[in-house]
Protein chains: 2
Amino acid sequence: MSLLTVGTVAFDDIQTPFGHAEKAIGGAATYIALAASYLAKDIRLVSVIGDDFPKKVLQNMTDRGIDQQGLQVKEGEKSFFWAGKYHNDMNSRDTLDTQLNVLADFDPVLPDTYKQSDYVMLGNLTPAVQLRVIEQLSTPPRFLAMDTMNFWMDSSMDELLEVIKKVDALIINDEEARQLSGEYSLVKAAAKIHKLGPRFLIIKKGEHGALLFEGEHIFFAPALPLAEVFDPTGAGDTFAGGFMGYLASTDDISFENLKRAIIYGSAMASFCVEKFSIERLLELDDAKIKKRIGRFVKLVNFSGLEYDL
Amino acid sequence: MSLLTVGTVAFDDIQTPFGHAEKAIGGAATYIALAASYLAKDIRLVSVIGDDFPKKVLQNMTDRGIDQQGLQVKEGEKSFFWAGKYHNDMNSRDTLDTQLNVLADFDPVLPDTYKQSDYVMLGNLTPAVQLRVIEQLSTPPRFLAMDTMNFWMDSSMDELLEVIKKVDALIINDEEARQLSGEYSLVKAAAKIHKLGPRFLIIKKGEHGALLFEGEHIFFAPALPLAEVFDPTGAGDTFAGGFMGYLASTDDISFENLKRAIIYGSAMASFCVEKFSIERLLELDDAKIKKRIGRFVKLVNFSGLEYDL
């Protein structure tokens, strides 16, 4: 099945306790598409870059089967740029700089061949841009998911709610779920967010794992405990990419299959943080991924208990 | 198998966003013994109280099969008292008052019948007192576990290390594991703590679940996502009580069985936080517990993924 990914393709300047990466490759759509490319085949990219973005990285994406007809390249302009510094615990970060550049007046235009896409992942972007993408889809996708962030809740709540109403799944972090719902308890937050429209809610808790909600049903997947977290940048997007890639490749949106997709998302995210930027996402293969899934199975698997359902 | 529990039996003054409980029943050994009493039969209590402690609660414990020959009652003295206030997120708290009272010169004396105990849980106490208990055991128990806290790392590290060296399992929270090891990564912390002696390390992460380490083996159990956390006091001790109670009742200290014990600990802790103090721990039964275990199974269970181990 085809997977349309929409989001930023950008430069990051990242400082962690392990070092400083200047002009590192970043962007939500970059991570989403690369992660998904290990699972799904027909991946389509809608984004915008300046002419400063390395051709080599675009070639890497092409090599991984990511179609770039929907990627606009603005001559004489600069790509989106974000600079951030992680605190020592790697769980929080400060944004040092944000330069919108080409993103400032981004008008996402879907190539005709993208207008029928089976699976759609809207990375974090202005809600108006996310909405423009949805409006161009000629048939409703089988599964439409979106990410967003606190910033849009503060600045464009009405438009954001309009997008949220249209998606099958909202994929956000715990802080965002709390802000969106006004509830501290994630169980209560989920109940409120379901009422905004999405059948599924996925709450990412970083090193504390991820929760999947569908009404009363809850599934939890841990993050893999790692000795070294090198760079958490893009882990959330990589999670979404693994999740959507697995769904697109299996074409099954039952709760049972979404659970498996969550495990895939968690596995891909666990790779992402092991190196700076997208480095780790360029060197994976099926064998490494199957082994990583095995580590998740071992991590949470138990048997032999008596229980009632 | 018999289970010896050592720790405080005390009064708590608890403030949460839901209310204020004055002179609530608390104490590590209270929670440990009550939680374990739903799983194991021969439970023995070593602690000290003043004559102000309610006879009714002692009767509750007797009714639940908890032997109190090792419980010293000091006439004319007051029981240990702790007062704390939880922040709005319920994940952190301030200690407002601590009155040692009878605990100040507590000398734990094991009745002869306790000296051969199969399973032993040393709740958080002065390391010197924990050591005194170990020294009185006439035969090494099948499984010896302990809890401790940051305070003892600051004030009595040498004695604490002496106790840690002797136990099979150390059960502490993430903050304590980080302080003890000097490592932020819990994987690295576990490797260092193993070198201090304990074959097993259990790291409690509150609402983020618990990790079990044995060398390279890691198991993770989530906390149950709850709509309402009423009072987190005693959740960690209840976890330890459920864990040790399950081990004592099954008498199997393999990693596979410790996993099941962790699930039982998590299930018992999920009950504990639903009401103030020990209230919820007095009204459980096998059916409720089996149903709760079922919720954990549903929460983490997935199947149908291909993987390599």
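The values are calculated or read from the model by the stated rules, or taken from the named source; none is laboratory data. Here the structure is a predicted model, which is why all the values come from computation and not from measurement. For neighbour counting, all protein chains shown are included, and Cβ atoms are generated from backbone atoms with ideal geometry for every residue, glycine included. Protein only, heavy atoms only, side chains kept; ligands, DNA and RNA dropped before computing areas. Shrake-Rupley method; radii C 1.70, N 1.55, O 1.52, S 1.80 Å.
Here is how the numbers come out for the structure above:
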| read-out | value |
| --- | --- |
| Local electrostatic count, B:Asp97, Cβ distance below 14 Å [Lys/Arg +1, Asp/Glu -1] | 0 |
| Charge sum, other residues only, whose C-beta stays under 13 Å from B:Ile263's C-beta, Lys/Arg counted +1 and Asp/Glu -1 | +4 |
| Solvent-accessible area buried by A and B, counting both chains, probe 1.4 angstrom, square angstrom | 4100 Å² |
| Mean separation of Cα contacts under 8 Å (6+ apart) over length of chain A, as relative contact order % | 17 percent |
| For chain A, share of DSSP beta bridges that run antiparallel, in % to the nearest 5 | 40 percent |
| Distant-in-sequence amide H partners of A:Gln72 (H built 1.01 Å from N, under 5 Å) | A:Ser47, A:Val48, A:Ile49 |
| Shape of chain A, Cα gyration tensor, a/c cut at 1.5 | rounded |
| Assigned charges on the beta-carbon of Lys, Arg, Asp, Glu; the stretch A:181-296 dipole about Cα centre (debye) | 280 debye |
| J(HN,Hα) series, the stretch A:42-47, from Karplus relation 6.51 cos²θ - 1.76 cosθ + 1.60, nearest Hz, glycine and proline x | 8, 9, 10, 10, 10, 6 |
| Calculated FRET value between A:Lys23 and A:Gln116, using beta carbons and R₀ = 35 Å, to 0.05 | 0.45 |
| Choice from B:Leu226, B:Leu137, B:Leu122 with maximal GNM fluctuation in chain B (Cα, 10 Å cutoff) | B:Leu226 |
| FRET efficiency for A:Lys298 and A:Glu274, using Cβ-Cβ distance with R0 set to 22 Å, rounded to 0.05 | 0.75 |
| Loop GluC sites (Glu not before Pro), the stretch B:50-143, which have at most 12 other Cβ atoms in a 10 Å radius of their Cβ (DSSP) | B:Glu75 |
| Point-charge dipole on Cβ atoms (K/R +1, D/E -1) for the protein assembly as shown, about Cα centre, debye to 20 | 1140 debye |
| Solvent-accessible heavy-atom area per residue, rounded to whole Å², over the stretch A:38-100 at 1.4 Å | 54 Å² |
| Summed residue charge, Cβ within 11 Å of B:Ser37's Cβ, Lys/Arg positive, Asp/Glu negative | -1 |
| Using θ = phi - 60° and Karplus 6.51 cos²θ - 1.76 cosθ + 1.60, couplings along the stretch A:27-38 (whole Hz; Gly, Pro as x) | x, 4, 5, 4, 5, 4, 5, 5, 4, 5, 5, 7 |
| Share, in percent, of DSSP beta bridges within the stretch A:1-116 that are antiparallel, nearest 5 | 40 percent |
| Within the stretch A:49-63: backbone nitrogen closer than 18 Å to the A:Asp285 label point (7 Å, Cα to C-beta) | A:63 |
| Listed residues A:Glu256, A:Glu183, A:Glu159, most fluctuating in chain A (Gaussian network, C-alpha, under 10 Å) | A:Glu256 |
| Cα principal axis extents for the stretch B:11-91, largest first, Å | 39, 35, 17 |
| Karplus-derived HN-Hα couplings along the stretch A:129-141 (A = 6.51, B = -1.76, C = 1.60, θ = phi - 60°), whole Hz, x at Gly and Pro | 5, 4, 5, 4, 5, 4, 5, 8, 6, 7, 10, x, x |
| Pair-distance profile P(r), taking every C-alpha pair of the protein assembly as shown, with 20 angstrom steps and integer % | 20, 48, 26, 7, 0 |
| Tensor-based shape of the stretch B:213-309 (alpha-carbon gyration tensor, a/c under 1.5 rounded, otherwise prolate or oblate) | prolate |
| Relative contact order (%) - the stretch B:15-112, alpha-carbon pairs under 8 angstrom, separation at least six | 28 percent |
| Given A:Lys56/A:Lys204; A:Lys298/B:Lys166; B:Lys55/B:Lys78; A:Lys275/A:Lys298; A:Lys188/B:Lys85, the pairs whose alpha carbons are separated by over 20 Å | A:Lys56/A:Lys204; A:Lys298/B:Lys166; A:Lys275/A:Lys298; A:Lys188/B:Lys85 |
| Top positive-direction residue, dipole computed over chain A with Cβ charges, set A:Val109, A:Phe255, A:Ile172 | A:Phe255 |
